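In what follows, a structure is listed as structure tokens, so that the remarks can point back to it.
Taken together, the values in this text are just the output of simple stated rules run on the coordinates, not laboratory data. Just so it is clear, the model here is predicted, and its values are computed rather than measured. For neighbour counting, all protein chains shown are included, and Cβ atoms are generated from backbone atoms with ideal geometry for every residue, glycine included.
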């Protein structure tokens with residue numbers, strides 16, 4: 001056969017139509033789960049394990065017979081840590097692929113980029129990440145911890161181990177600002193006071209003068225909601241100055257993306273944190289989860305807080321579809337709002353009907369030899385920050401992210 | 001009293017780190033007029049070279065002071081032969097080409113090391129000044145920066161190679177007429193500049209969490225320091241780094257790190273408005 005343009009075009013058309021066929025055939029009777037995550041670019045340390053967790057969950061659902069007798073098909077897009085791509089892929093998921101549910105978004109900015117698209121096209125949306133709280137929208141379900149769940153548990157423990165004067169170092173964007181306000185509130189509620197609050201742009205990596213400044217104030221405790229690679233320098237420089245054994249340190253972010261595995265034990269040991277998940281959580285559910293993850297991917301060291309949140313998000317949705325017996329958005333929302341709960345690797349996760357946030361276990365932990373040792377488990381914490389401003393039962397048309405006033 | 005000592009150490013450290021960050025760039029930009037936008041990435045490569053060497057069991061000081069400058073110097077050599085040498089005298093083109101290089105190096109580092117934060121801990125323990133704990137590593141950085149300035153000055157002023165290099169920068173045609181190949185001298189100068197960038201990246205590596213995009217954090221400060229320094233290499237570097245280091249640390253102490261960064265930039269804008277040729281364009285004229 002001689003290669004001329006006509007032959008190539010015919011061949012290409014044939015190949016394209018063959019490529020299309022299985023998809024059309026599958027689309028007819030499979031349930032479509034849309035996933036939108038940064039699996040490359042600067043946030044891939046967060047996104048890649050989330051993607052792995054989502055696929056693990058879907059494989060388990062399919063192995064158990066699928067949903068409503070149909071297989072679940074993943075339609076996933078990599079947003080490459082580029083906020084502009086969220087808008088684009090969000091549109092494609094809802095209008096072209098017409099998926100039954102969307103799980104995804106990592107940074108708050110990415111969530112806000114697609115939330116309204118999901119709402120307008122009536123596509124159920126799950127955001128499975130620890131975040132600053134306050135989103136009130138009937139179309140979205142959120143199952144990461146919010147500052148109140150986390151800080152309310154962490155502050156009394158950390159103050160109990162140190163003292164009443166607290167210095168706060170936070171990342172300078174909405175997450176850090178809002179979390180710092182919550183820390184101030186809970187410090188005051190526990191009879192202490194914030195002796196200093198400093199905010200750092202995300203690219204600040206030199207904390208020498210800050211460390212000296214903290215010493216002039218002489219707090220009993222430092223709480224650091226710092227975010228990203230540059231801010232990791234703080235923990236390193238704090239240890240290098242020999243401060244680690246002088247003033248105890250707590251954080252609301254250290255370890256969410258497994259950052260504690262980058263610090264040496266000398267740098268990380270003793271930092272106090274509070275999350276929904278820890279790899280060191282010694283429960284049958286978590287041990288079984290880690291075994292399934294290892295069987296699928298060979299090594300369970302990548303699992304982190306928000307990967308588990310994503311897994312639990314997919315499982316919550318699947319359970320709601322089963323209970324509703326339908327993929328209809330209203331039916332699924334109704335079964336979620338009935339206070340549905342699942343048992344995930346990090347414990348029981350219950351949907352709060354009023355806010356569409358999650359009631360979940362929070363574990364107080366200390367970093368120890370690059371792991372998180374669980375000190376205390378606080379079962380079933382309510383998302384009280386969002387509950388204070390949001391009531392979707394009374395006001396189902398609400399569509400705002402509330403800034404929490406303290 | 002102790003506080004003043006601590007503040008003094010921090011200010012000296014601020015000045016020293018600016019000198020380190022800018023030294024390689026000041027040679028490449030100041031001497032051969034190449035706007036090296038990949039300067040930050042050269043530092044990043046120096047950092048990764050150090051961390052890799054340390055993870056392979058090498059002594060951290062050998063890794064920082066020998067391996068990293070050698071690796072980055074060689075990278076610079078390859079870059080000079082393949083790209084930069086075709087672009088001498090074309091200021092804007094070097095900017096475009098090195099910007100491309102910086103993207104290339106970020107991509108390459110991401111492929112090799114992954115897009116996650118890595119690092120090593122500081123090799124020198126902290127110690128106490130009165131009631132205060134300070135980072136012992138700061139002293140190491142101050143000493144290295146001081147030695148670096150002395151070394152640059154003595155090479156440029158005291159050796160034949162330095163004389164030839166300076167002569168070539170002033171009049172390549174004349175240097176060529178006297179039997180020196182400007183091509184070779186540019187190459188050697190670019191090698192030295194790259195090696196110094198690598199050294200800076202290596203020495204700062206234990207203080208930060210390193211990611212492939214880390215270089216971006218240094219590039220602006222490096223350019224500001226070099227341009228504000230003006231035509232003299234060592235005197236310019238020292239004067240602008242001292243000015244900006246003091247302004248930055250003073251405002252950081254008095255207010256917050258954000259204001260510290262803003263103050264540095266405001267100082268740079270004001271300085272360049274008053275002294276468009278840089279500090280050494282007006283003062284210390286004729287010094288190296």
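Please say if the protein assembly as shown is rounded, prolate or oblate, where rounded means a/c under 1.5 for a ≥ b ≥ c the square roots of the C-alpha gyration tensor eigenvalues, and otherwise the choice is prolate for a/b larger than b/c and oblate otherwise?
Working: a/c = 2.36, a/b = 1.46, b/c = 1.61.
Oblate, since a/c reaches 1.5 and b/c is not below a/b.
Between A:156, A:345, A:201, the GNM of chain A built on Cα springs shorter than 10 angstrom shows A:201 fluctuating the most. Remark: C-alpha extents of region B:15-74 on the principal axes read 38, 25, 14 Å, sorted largest to smallest. For helix A:208-217, report the angle its Cα long axis makes with the longest principal axis of the Cα atoms of chain A; keep it between 0 and 90° and round to the nearest 10°. Orientation of helix A:208-217: about 50 degrees from the principal axis.
In terms of packing, defined here as the mean over residues of other Cβ atoms within 10 angstrom, the peptides B:42-53, A:314-325 line up highest first as B:42-53, A:314-325. The value of relative contact order for chain A, using C-alpha pairs under 8 Å at least six residues apart, is 18 percent.
Among beta bridges identified by DSSP and lying wholly in chain A, the antiparallel ones come to about 45 percent. Taking 7 Å steps out from each Cα toward its Cβ at residue B:161 and residue B:99 produces label points 3.4 nm apart. Computed over chain B, the per-residue total of -39500 (n - 2.57) for DSSP H runs of n ≥ 4 gives a 222 nm mean residue ellipticity of -24000 deg cm²/dmol, rounded to 500. Shape analysis of region B:2-218 places it in the oblate category; the axes a ≥ b ≥ c from the Cα gyration tensor give an a/c of at least 1.5, with a/b not above b/c.
Quick one: which of A:298-309, B:128-139, A:99-110 comes out on top by average Cβ neighbours within 10 Å, and what's the full order, highest first?
Working: A:298-309: 20.5, B:128-139: 18.8, A:99-110: 24.1.
Highest-to-lowest ranking by the protection proxy: A:99-110, A:298-309, B:128-139.
Each of residue A:116 and residue A:95 was given a label point 7 Å from its Cα along the Cα-to-Cβ line. The distance between the two points is 1.5 nm. All C-alpha pair distances within region A:100-221, sorted into 5 Å bins from zero, spread as 2, 10, 17, 17, 15, 13, 10, 7, 5, 3, 1, 0 percent across the bins.
List the relative contact order of region B:2-218 as a percent without decimals, with contacts defined as Cα pairs under 8 Å and 6+ residues apart.
Values: 299 pairs, mean separation 97.9, N = 217.
Once divided by the residue count of region B:2-218, the mean separation gives 45 percent.
So the label point goes 7 Å from the Cα of residue B:259 along Cα→C-beta, right? Which residues of region A:209-227 then have their backbone N under 19 Å from it? Answer for region A:209-227: A:209-218.
In chain A, the longest principal axis of the Cα atoms and the axis of helix A:147-161 are about 30 degrees apart. Helical runs (DSSP H, four residues minimum) scored at -39500 (n - 2.57) apiece and divided by the length of chain A put the mean residue ellipticity at 222 nm at -13500 deg cm²/dmol.
Starting with the highest mean, order A:326-335, A:206-215 by the number of other Cβ atoms within 10 Å, averaged over the residues of each peptide.
On the way: A:326-335: 16.3, A:206-215: 23.7.
Ranked by mean Cβ neighbours within 10 Å, highest first: A:206-215, A:326-335.
Peptide A:188-198 has a mean shielding of 1, counted as Cβ atoms of other protein chains within 10 Å of each residue's Cβ. The label point for residue A:63 and the one for residue B:181, both projected 7 Å from the Cα toward the Cβ, are 6.5 nm apart. Comparing B:142, B:274, B:19 in a Gaussian network model of chain B where C-alpha atoms under 10 Å apart are linked, the largest mean-square fluctuation is found at B:274.
The share of Cα pairs per 5 Å bin across region A:253-406, counted from zero up to the longest distance, runs 2, 9, 15, 18, 17, 15, 11, 8, 4, 1, 0 percent.
Highest mobility in the GNM of chain A, judged by mean-square fluctuation with C-alpha springs under 10 Å and restricted to A:159, A:54, A:372, is found for A:159. Most simply put, the protein assembly as shown has about 45% antiparallel DSSP beta bridges, counting only bridges with both residues inside it. How tilted is helix A:44-63 with respect to the longest principal axis of chain A? Cα atoms for both, answer in degrees (0 to 90, nearest 10). Roughly 50 degrees between the two axes. For the residues of B:202-209, the average number of beta carbons from a partner chain within 10 Å of their own beta carbon is 5.
Panel order for B:207, A:33, B:91, by other beta carbons found within 10 Å of each beta carbon, from fewest to most: B:91, B:207, A:33. Tell me whether region A:148-275 comes out rounded, prolate or oblate; compute the Cα gyration tensor, take square roots of the eigenvalues as a ≥ b ≥ c, and use a/c under 1.5 as the rounded threshold. In terms of gyration-tensor shape, rounded.
Scaled to the globular estimate 2.2 N^0.38 Å, the Cα spread of region B:136-254, given as radius of gyration, is 1.24.
Residue by residue through B:116-128, how many Cβ atoms from other chains fall within 10 Å of the Cβ on average?
Working: counts 10, 13, 3, 9, 2, 8, 6, 1, 1, 5, 11, 2, 3.
For peptide B:116-128, the averaged partner shielding equals 6.
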